[in-house]
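Written out below as structure tokens is the structure these notes cover.
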Amino acid sequence: MGTLVAYFSATGTTAHAARRLAEAIGADLFEIAPGQPYTPADLNWNDKSSRSSREMADEKCRPAVVGDAPDMSRYDTVFVGFPIWWYVEPRIIDTFLEVHDLSGKTIVPFATSGGSGLGEAPRRMAALAPGATVTEGRLLNGNPGADELRTWASSAMRI
């Protein structure tokens, strides 16, 4: 069985972390791309009417994802990366988790953030992926080296 690094990145920061992680651990890489790309105005968290603010205020919101994900049956571990929005995962991650059967898999959250931790994201993700084991995860801010990424990923996959 293999390992997949699936990620959503609004500005490129999480994409950079995901690419580095996938390269360090020899995993496949998949971008969780929104059907409608986010503009800078969409991402203005100070504007309550911005797209991201509206999405995060609506627990049932599930933004569309474009592109076909790889065959999930090929993976036993799925690292899921995202920027932290309002102390949790963006709703597009909820879309990804709900449309794929991840039962029996280990899901390892990783995130980038300007100032907060993973918050409730792992707990929320576990509720959206019944039958999967969701680990505590970690932030991948900065530029962790390949050895650090391999060590962390190895320990996360043994949970």
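Read-outs: derived from the displayed coordinates by stated rules, not from any lab. Quick caveat, the model's predicted, so the values are computed rather than measured. Cβ placement follows ideal geometry from the backbone for every residue including glycine, while neighbour counts extend to all protein chains displayed.
Tabulated values for the structure
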| quantity | calculated |
| --- | --- |
| Span from the segment 100-159 Cα centroid across to the segment 23-83 one, whole angstrom | 15 |
| Segment 113-139 residues near the modelled residue 148 label - backbone nitrogen below 13 Å, point 7 Å along Cα→Cβ | 139 |
| Fluctuation leader among 41, 146, 18 - the chain, Gaussian network, Cα springs under 10 angstrom | 41 |
| Cα-centred dipole magnitude for the chain, charges only on beta-carbon of K, R (+1) and D, E (-1), debye, nearest 20 | 200 |
| Computed over segment 2-157, Kirkwood Rh from alpha-carbon pairs, angstrom | 15.5 |
| GNM result for the chain, Cα springs below 10 Å: residue of 104, 115, 26 fluctuating most strongly | 115 |
| Mean ellipticity per residue at 222 nm, deg cm²/dmol - from DSSP H runs of n ≥ 4 across the chain, formula -39500 (n - 2.57) | -9000 deg cm²/dmol |
| DSSP-assigned coil residues among trypsin sites (Lys or Arg not before Pro) in segment 42-146, each with at most 11 further Cβ atoms within 10 Å | 48, 60 |
